[in-house]
Amino acid sequence: MTTPKSLYAPIATANFVLLAFAIFCLAIALAIAWMLGITLFFPDGRLAGHLVERSDIIRAHIDYLMMAQFLFIFFLLFRQYAINPPIWLVAACSFGAFFNPLAFLIRGLSAKPDAVAAALVEPHFPLQAAISFTLTTVGFLGSTLLVGRAAWQSIAARTD
């Protein structure tokens, strides 16, 4: 069966980057799932010895799944409404989608400090969190506004 070429418009470069990062985040989530599954069935194995905090690894897995989902959804919405998003917006979404869950992954794989230093925040977390949370918020909120405006214009065009 052949598909008419006019049915599928070419993918804009920025939108292709969004799709690539969605696939990348999903691949990381699946790798983490395999790691969690293997360490569940082989708790005394070499791989299990690298997991310091299993709950943080689970958080990273869930967060990567959510970020991949958001990136896939925005890719499809941009394609549906023929939006060519600005590259800075795609970069913000992609950077945040990768680095937000990475903080949990680092926490789950890093040795915990002694009891005296445990009350302090881990040194990498505040800066990484501030940058990635801000970029994720700007990227996803900006994407939402672009899609919302396009949907509004589409509705307005049909009523005219």
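The values are calculated or read from the model by the stated rules, or taken from the named source; none is laboratory data. Computed from a predicted model, the values in this text were never measured in an experiment. As a convention, Cβ positions derive from the backbone with ideal geometry for all residues, glycine included, and neighbour counts pool all protein chains shown. Please note that ligands, DNA and RNA were not included when accessible areas were found on the heavy atoms of the full protein model with its side chains. Shrake-Rupley method; radii C 1.70, N 1.55, O 1.52, S 1.80 Å.
Annotation: the chain has a Kirkwood hydrodynamic radius of 17.8 angstrom, from the mean reciprocal C-alpha pair distance.
For N84 and T134, what is the calculated FRET efficiency with R₀ set at 22 Å and r taken between the beta-carbons, to the nearest 0.05? Can you show the working numbers first?
Working: r = 24 Å, r/R0 = 1.09.
Here the calculated transfer efficiency is 0.40.
Return one whole number: the accessible area per residue of the chain in Å², for a 1.4 Å probe.
Working: 10150 Å² over 160 residues.
Value for the chain: 63 Å² per residue.
Note on the range 10-38 and the range 46-68: Cα centroid distance 16 Å, given to the nearest whole angstrom.
Using a 1.4 angstrom probe on heavy atoms only, work out the carbon and sulfur share of the accessible area of the chain in %.
Numbers: 7310 of 10150 Å².
Roughly 72 percent, rounded to a whole number.
Overall, the chain carries a charge dipole of about 420 debye about its Cα centre when +1 sits on the Cβ of Lys and Arg and -1 on the Cβ of Asp and Glu, all other atoms neutral. Principal axis extents of the C-alpha atoms in the range 10-54 (largest first, rounded to whole Å): 50, 16, 13.
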